[in-house]
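Written below as structure tokens is the structure these notes are about.
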Amino acid sequence: MVKSMTGYGRSVQTVNGREFTVELHSVNNRYLDCSVKLPRSLSFAEDAVKQAVKNTVSRGKVDVFLSVRSEGAADVQVSLNKPMVEGYLAAMEQMAREYGVERDISVSLLSRMPEVFTVEKSAQDEEQLLADLMTVVTAALESYDTMRAAEGRALEADLRGRGNTVLGLVAQVEAGSGQTVSDYRQRLENKLREVLANTAIDESRILTEAAIFADKVAVDEETVRLRSHLDQMDKMLNQGGPIGRKLDFLLQEMNREANTIGSKCSDVRLSRIVVEIKAELEKIREQTQNIE
């Protein structure tokens with residue numbers, strides 16, 4: 001299956017009292033470049049997330065965003081700092097006795113005093129937390145990969161269609177190439193008759209000149225190689241997988257053959273067909289830049 005390098009996936013799930021949100025999106029890139037942004041409490045999971053992406057993606061710039069929200073206060077424990085409270089109470093009692101001020105001590109007043117409460121985060125099981133997180137990462141990757149596969153099918157259909165168009169144009173070049181030699185021979189013979197008038201024409205010389213011209217404009221080797229490259233592209237598309245870089249190299253070879261054919265075509269009509277071939281190959285090249 002051919003897949004696109006661009007895609008988006010998202011999953012939000014609550015697992016063991018925590019709501020995890022995972023988002024992925026990617027754009028084209030020559031190699032795999034994965035960036036993971038996550039809260040400090042999940043920093044230990046970065047390598048595992050990158051490995052999960054690597055197992056799914058081989059090429060592209062992938063950005064992963066993760067967040068977590070606890071559904072309750074189970075992760076935090078608040079307790080009374082009794083020694084501190086007793087110290088404040090004793091000091092306030094002493095103040096009331098020695099300075100004759102009103103004894104208006106209240107919970108509200110004491111709770112505003114520094115370090116009256118201690119807040120502790122309960123120890124978390126990182127192994128379990130990682131397992132919970134990776135469940136959501138896997139779901140987001142599946143969503144992301146589904147989108148890439150859908151775009152890949154569209155890219156594959158486009159490449160096959162354009163490949164068939166190029167094959168049709170190559171057939172026109174092959175058919176027109178023989179006609180070009182025939183037309184050249186006829187023009188050469190007519191010119192000689194015009195110049196030599198009633199003098200006998202050396203048929204062997206005409207054949208020799210036509211053969212030399214035919215050798216200069218022959219594109220058989222190039223069209224055969226171009227057909228072979230198009231066949232290779234078709235096989236790669238059937239094979240699927242990460243074929244983007246191979247296709248990019250193959251397109252370079254196709255363009256080389258097209259340029260050689262263009263340099264050999266002296267006929268205006270064939271030159272125009274070669275221009276169409278190059279235009280289609282350029283569109284194919286642009287599409288291969290999106291394939292993983």
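Taking 27 Å as the limit for the C-alpha separation, the pairs Lys54/Lys283; Lys235/Lys283; Lys61/Lys278; Lys50/Lys246; Lys50/Lys283; Lys37/Lys283 exceed it in the case of Lys54/Lys283; Lys61/Lys278; Lys50/Lys283; Lys37/Lys283. With N counted as the residues of segment 76-121, its alpha-carbon radius of gyration over 2.2 N^0.38 Å works out to 1.32.
Roughly how far apart, in whole Å, are the Cα centres of segment 223-276 and segment 94-170? If you average the Cα positions of each part, the centres end up 48 Å apart. In loop segments of segment 15-120 as defined by DSSP, the chymotrypsin sites (Phe, Trp or Tyr not before Pro) with at most 12 further C-beta atoms inside 10 Å of their C-beta are Tyr31.
Mind running the shape call on segment 1-110? Use the C-alpha gyration tensor, a ≥ b ≥ c as the square roots of the eigenvalues: rounded below 1.5 for a/c, prolate if a/b tops b/c, oblate otherwise. The shape class here is prolate. Between Ser111 and Ala96, the contour length at 0.36 nm per residue exceeds the Cα-Cα span by 3.5 nm. Taking a ≥ b ≥ c as the square roots of the Cα gyration tensor eigenvalues, with a/c under 1.5 meaning rounded and otherwise prolate when a/b beats b/c, else oblate, which class fits segment 93-177? Since a/c reaches 1.5 and a/b is larger than b/c, the shape of segment 93-177 is classed as prolate. In this simple spin-label model, placing a label point 7 Å from the Cα along the Cα-to-Cβ direction at both Leu89 and Arg153 gives a separation of 7.3 nm. Applying both filters, DSSP loop and at most 15 other Cβ atoms within 10 Å, to the trypsin sites (Lys or Arg not before Pro) of segment 1-74 gives Arg30.
Where a number appears in this text, it was derived from the coordinates with a stated rule and is not lab data. This is a predicted model, so every value here is computed, not measured. All Cβ positions, glycine included, derive from the backbone under ideal geometry; neighbour counts span all protein chains shown.
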